[in-house]
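A.B. asks: Below is the structure I would like to discuss, written out as structure tokens.
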Amino acid sequence: MTSQEFLTKYLNNASPTGYESSGQKIWLDYLKPYIDTYEVDTYGSVVGIVNPEAPYKVVIEAHADEISWYVNYITDSGYIYVIRNGGSDPIIAPSMRVNLHTKNGIVKGIFGWPAIHVRGNDPKDDPKPTMKNIVIDCGCKSKEEVHALGIHVGTVATFVDELMELNNRYYVGRGLDNRMGGYMIAEVARKLHEEGFRPEYGLYIVNSVQEEIGLRGAEMMTQRIKPNVALVTDVCHDTQSPLYDKIRDGDIHAGKGPVLSYAPAVQNNMLQMLIDLAEKNQIPFQRMASSRWTGTDTDAFAYSNGGVASALVSLPLKYMHTTVETADKEDVANVIQLMTAFLKQLPNNHDFRYFN
């Protein structure tokens with residue numbers, strides 16, 4: 001399978017929080033030629049391992065899950081109310097198509113919305129999409145018909161969308177947050193293998209589940225692996241399109257390179273190593289600051305096992321948590337390049353402490 005074939009297959013596959021297994025299988029199948037062994041934990045996080053006998057353990061990590069919806073209530077007339085599974089946005093739901101994932105397979109549905117003609121002339125009276133009023137219509141006229149399709153309370157629904165390219169510059173689609181990260185760490189493993197690099201340390205390529213509801217998969221994996229170092233990749237907000245606040249959210253551009261974070265969870269010596277590498281290898285990069293936490297799996301790794309040296313390399317993303325999440329192809333390539341360079345120059349048993 002080529003890199004592009006893997007990316008397309010992986011991104012087009014649904015991977016809702018708590019139900020990531022099908023995507024994890026796709027990811028692991030692609031990764032297997034580049035690793036020595038692998039492990040799968042109870043909740044579905046996967047780690048591919050190179051040099052598993054080494055005592056010094058280095059993690060590169062992304063998360064595998066995407067936002068989705070849970071069926072929460074079915075009316076007598078067959079309409080379906082939902083709750084969030086992760087940070088799903090009711091504003092974008094009306095007129096969107098969904099897949100309802102039942103044990104019998106996919107059932108199609110839509111988020112309907114009243115026509116503009118019937119919503120009144122006064123803007124104050126015009127309803128806005130909220131969790132209280134968005135509903136899925138799957139073409140049924142009764143609760144019994146909905147149940148007959150295999151849909152019940154707890155059924156998961158995901159938006160229907162597929163990967164595309166925009167102006168030959170951007171990847172666009174659903175779930176780039178953060179299966180694009182899973183793609184990038186798999187490509188790092190592939191590059192290391194093809195370049196004949198085998199580390200003296202143990203390399204753990206981790207694709208964690210359940211990040212969108214609180215970093216849960218990473219918490220489990222860091223306890224399982226007990227790493228010495230963790231280099232995490234996730235997405236951050238491009239702030240150039242309208243309605244963003246650069247004073248609040250920073251001045252981040254898609255297309256200007258990976259974003260390196262300053263935050264309490266980020267180990268400063270490790271961060272400086274990444275900056276030095278980017279400058280040495282002429283990899284463009286940007287900077288961002290987080291006040292209390294990064295909001296990514298970096299936090300889960302940093303604050304476990306007595307403290308793990310951790311850093312975050314982020315991919316600028318336009319329109320996060322929509323079906324048109326947009327990432328610059330050059331940024332994707334540069335994240336892969338920076339993470340690969342970090343692993344190739346990292347000394348075995350390196351001590352990141354500020355003083356000893």
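A.B. asks: Kindly provide the GluC sites (Glu not before Pro) of segment 158-266 that DSSP labels as loop, not H, G, I, E or B, and whose Cβ sees at most 14 other Cβ atoms within 10 Å. Walk me through the numbers on the way to the answer.
C.D. replies: On the way: sites: E162, E165, E187, E194, E195, E200, E211, E212, E219; in loops: E162, E195, E200, E211, E212.
Qualifying residues, ordered by number: E162, E195, E200.
A.B. asks: Moving to a separate point now. Holding the Cα-Cα limit at 27 Å, pick out from K103/K318; K25/K132; K25/K57 the pairs that are longer than that.
C.D. replies: Listed pairs above 27 Å: K103/K318; K25/K132.
A.B. asks: Residues of segment 304-318 with the amide nitrogen closer than 18 Å to a label point 7 Å from the Cα of D41, along Cα-to-Cβ, please.
C.D. replies: 304-311
A.B. asks: Additional query: Separation of segment 148-217 and segment 79-111 by C-alpha centroid, Å?
C.D. replies: Centre-to-centre distance over Cα atoms comes out at 21 Å.
A.B. asks: Distance in nm between label sites at D351 and Y244, each 7 Å beyond Cα in the beta-carbon direction?
C.D. replies: 4.1 nm
A.B. asks: Something else now. Under the rule of -39500 (n - 2.57) per DSSP H run of 4 or more residues, summed and divided by the residues of the chain, what mean residue ellipticity at 222 nm is obtained, to the nearest 500 deg cm²/dmol?
C.D. replies: Numbers: 9 runs with 96 residues, N = 356.
Computed ellipticity for the chain at 222 nm equals -8000 deg cm²/dmol.
A.B. asks: Residue-wise, which Karplus ³J(HN,Hα) couplings in Hz belong to segment 271-277, taking 6.51 cos²θ - 1.76 cosθ + 1.60, θ = phi - 60°, and x for glycine or proline?
C.D. replies: Using θ = phi - 60°, the values come out as 4, 5, 4, 5, 4, 4, 5 Hz.
A.B. asks: While we're looking at this one, here's another question. Long-range amide H contacts for V235: which residues qualify at under 5 Å (H placed 1.01 Å from N, peptide plane, sequence gap of 5 or more or a different chain)?
C.D. replies: L315
A.B. asks: I would also like to ask the following. Comparing L163, L277, L315, which has the greatest mean-square fluctuation in the GNM of the chain with Cα pairs linked when under 10 Å apart?
C.D. replies: Ranking L163, L277, L315 by mean-square fluctuation puts L277 first.
A.B. asks: Still on this structure, please answer the following. Would you mind computing, in nm to one decimal, how far apart the modelled labels at T102 and T2 are, each placed 7 Å from Cα along Cα→Cβ?
C.D. replies: In this crude spin-label approximation the distance works out to 3.8 nm.
A.B. asks: Hey, another quick one. With an 8 Å Cα cut-off and a minimum separation of 6 or more residues, compute the relative contact order for the chain in percent. Present the calculation step by step, with values, prior to reporting the outcome.
C.D. replies: Values: 787 pairs, mean separation 77.7, N = 356.
Contact order relative to length: 22 percent.
A.B. asks: Here's another thing I want to ask about it. Estimate the FRET efficiency between I83 and E330 by the formula 1/(1 + (r/R0)^6), using the beta-carbon distance for r and 41 Å for R0, to the nearest 0.05. Don't jump to the answer; show the numbers that get you there.
C.D. replies: Details: r = 38 Å, r/R0 = 0.92.
The computed FRET efficiency comes out at 0.60.
A.B. asks: Short version: ³J(HN,Hα) in whole Hz for each residue of segment 317-326, in order, from phi by Karplus 6.51 cos²θ - 1.76 cosθ + 1.60 (θ = phi - 60°), x for Gly and Pro, what are they?
C.D. replies: Each residue of segment 317-326 in turn: 9, 8, 6, 4, 6, 10, 8, 10, 4, 10 Hz.
A.B. asks: Using a Förster distance of 35 Å, how high is the FRET efficiency between D125 and Y73, based on the Cβ-Cβ distance and rounded to 0.05?
C.D. replies: Rounded to the nearest 0.05, the efficiency is 0.90.
A.B. asks: With respect to the cross-link table entries K9/K329; K256/K280; K9/K256; K9/K108; K9/K344, which display a Cα-Cα separation exceeding 25 Å?
C.D. replies: On the way: K9/K329 17 Å; K256/K280 17 Å; K9/K256 27 Å; K9/K108 20 Å; K9/K344 29 Å.
Check vs 25 Å cut-off fails for K9/K256; K9/K344.
A.B. asks: Here is a follow-up. Got the relative contact order for segment 68-159 handy, in percent, Cα pairs under 8 Å and 6 or more residues apart?
C.D. replies: Reported as a whole number, the value is 44 percent.
A.B. asks: Looking at segment 250-331, which trypsin sites (Lys or Arg not before Pro) are DSSP coil and have at most 14 other C-beta atoms within 10 Å of their C-beta?
C.D. replies: Sites meeting the loop and neighbour criteria: R292.
A.B. asks: Same structure again: Given a Förster distance of 35 Å, report the FRET efficiency between D137 and K9 from their Cβ-Cβ distance, rounded to the nearest 0.05.
C.D. replies: Numbers: r = 30 Å, r/R0 = 0.85.
That pair, D137 with K9, gives E of 0.75.
A.B. asks: Which distance in nm do the two modelled labels at N269 and V153 give, with both placed 7 Å along the Cα-to-Cβ direction?
C.D. replies: With each label point 7 Å from Cα toward Cβ, the separation is 5.4 nm.
A.B. asks: Okay, next question. Using Cα centres only, tell me the gap between segment 299-356 and segment 121-135 in whole Å.
C.D. replies: Measuring centre to centre over Cα atoms gives 40 Å.
A.B. asks: Scan segment 1-50 for chymotrypsin sites (Phe, Trp or Tyr not before Pro) in coil per DSSP, keeping those whose Cβ has at most 15 other Cβ atoms within 10 Å, and list them by number.
C.D. replies: Here the sparse-neighbourhood loop sites are Y43.
Here, each number is a calculation from the coordinates, and none is a lab measurement. Computed from a predicted structure; not experimentally measured. Using ideal geometry, Cβ is built from the backbone for each residue, glycine included, and neighbour counts are taken over all protein chains shown.
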